[in-house]
Structure formats: C-alpha cells, structure tokens
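Asks: Take this structure first; my questions come after.
Values in this text are rule-based calculations from the coordinates and carry no lab data. Keep in mind that what you see is a predicted model, and the values were worked out from it rather than measured. Ideal geometry is used to build each Cβ from the backbone, glycine not excepted, and the neighbour counts take in all protein chains shown.
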Amino acid sequence: MTNTPTVNCGLQNGTNCTTCLENVMCYWCDESSVCSNTDFFGLVSTTCPVQDLFITQCVLNGLYSIIVIVAAVLLLVGVFLCICITCCICCCWCCAKKRNYSEDKQQLQMDKIKESKEAKRIEREQKRAEIRNKYM
C-alpha cells in the first residue's frame with residue numbers, strides 16, 4: 001500500500017483556482033499558480049504562504065479562513081461561558097432567596113413560640129398571685 005493519492009492534482013497546474021479545487025483532495029497556491037495534493041486528512045504541507053493558499057473554495061484564502069474559524073469558535077465559547085456564568089449567578093441568587101425565606105419563616109415561628117410561652121408565663125404568674133391573695 002502506497003501513500004500516494006489516487007488523484008494527481010499536479011495536472012491542474014497553471015489553470016485557475018476553481019478548476020483545481022473541483023477535486024476535494026487538491027489545494028491551490030495563488031502565488032505560484034500551483035495545484036497540489038492534500039494528504040489523506042486534508043492537511044497541506046507546502047511552502048505556499050498562508051495568504052495565497054486556497055483549500056476547498058476560492059473566495060477566502062487560508063489566512064482569512066483560519067481567522068473566521070477561530071473567531072467563530074471564540075464567539076461560541078464566549079456565548080457558552082456567558083450562559084454558564086448567568087446560570088450560576090441565577091442559581092446562587094435563587095438559593096440565597098430560598099434560604100432567606102426559610103430563615104425568615106423559621107424566625108417567625110420562633111417568635112410565635114416565644115410569645116406563646118411568654119403569655120403562658122404571665123398567665124401562670126397571675127394565677128399564683130390570685131392564689132396568694134386568696135389565702136393571705
């Protein structure tokens with residue numbers, strides 16, 4: 001088994017970018033008007049400058065394609081991070097709100113218990129005072 005591709009892109013040398021890129025296994029170097037083969041994974045190994053390199057299309061050269069791809073990935077990562085941060089902040093805020101609500105509810109219950117105990121204590125003291133006054 002050999003590593004040579006089945007397509008010979010070199011036959012398209014001296015033509016134009018569109019003719020060269022009709023085959024997906026080829027890339028076009030605009031500086032030298034050379035059509036060459038990519039490897040099996042579509043990788044390019046050439047001395048052609050990135051700004052003159054066209055792969056799969058003739059509109060954007062290799063440099064601008066890389067910039068567009070990197071910008072798109074960074075934008076997606078940025079949006080994802082913003083969504084994650086927003087969700088974390090909202091979750092923390094909701095948990096704190098629930099915690100405050102439950103603490104307030106618990107405090108109200110404790111206050112009611114204290115009030116009822118205080119009322120019972122006052123009532124007991126009044127009964128004791130009445131009993132003392134009765135037998136004195």
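Asks: In degrees between 0 and 90, to the nearest 10, how far off the longest principal axis of the chain does helix 62-135 point, with axes built from Cα atoms?
Replies: 10 degrees
Asks: Find the cysteines in the chain that fail to meet the 4.7 Å Cβ criterion with every other cysteine, and list them.
Replies: Taking the Cβ cut-off of 4.7 Å, the unpaired cysteines of the chain are Cys82, Cys84, Cys87, Cys88, Cys90, Cys91, Cys92, Cys94, Cys95.
Asks: Can you give the net charge of the other residues whose Cβ lies under 10 Å from the Cβ of Cys48, counting K and R as +1 and D and E as -1? Kindly include the intermediate steps, with their values, before the conclusion.
Replies: On the way: positive: none; negative: Asp30, Glu31, Asp52.
Taking every other residue near Cys48 into account, the sum is -3.
Asks: Relative to a virtual label point 7 Å from the Cα of Lys105 in the Cα→beta-carbon direction, which members of segment 81-97 show backbone nitrogen distances below 16 Å?
Replies: Under cut-off, by backbone N: 94-97.
Asks: Hey, if you put +1 on the Cβ of every Lys and Arg and -1 on every Asp and Glu Cβ in segment 63-136, which of Leu108, Cys88, Ile66 ends up farthest toward the positive end of that dipole?
Replies: Leu108
Asks: Right, here's the next one. For the chain, how many pairs of lysine residues have a Cα-Cα distance under 17 Å, where the two are 8 or more positions apart or belong to different chains? Don't skip to the end; give the middle numbers.
Replies: Details: Lys97/Lys105; Lys105/Lys114; Lys112/Lys120; Lys117/Lys127.
Number of lysine pairs found: 4.
Asks: Considering the chain as a Gaussian network with a 10 Å cut-off on Cα pairs, which listed residue, Cys17, Cys92, Cys35, attains the greatest mean-square fluctuation?
Replies: Answer for the Gaussian network model of the chain: Cys92.
Asks: How large is the dipole of the chain about the Cα centre if only Lys and Arg carry +1 and Asp and Glu carry -1, each at its Cβ, rounded to the nearest 20 debye?
Replies: Details: 14 positive and 13 negative charges, 495 e Å.
Computed about the Cα centre, the dipole is about 2380 debye.
Asks: While we're looking at this one, here's another question. Less than 15 Å Cβ to Cβ from Lys98, Lys/Arg counted +1 and Asp/Glu -1: what total charge do the surrounding residues give? List each step's numbers first, then the result.
Replies: Numbers: positive: Lys97, Arg99, Lys105; negative: Glu103, Asp104.
It works out to a net charge of +1.
Asks: Between [x] 0.98; [y] 1.81; [z] 1.05, which matches Rg/Rh (Cα atoms, Kirkwood Rh) calculated for the structure shown?
Replies: Only one listed value fits the structure, namely [y].
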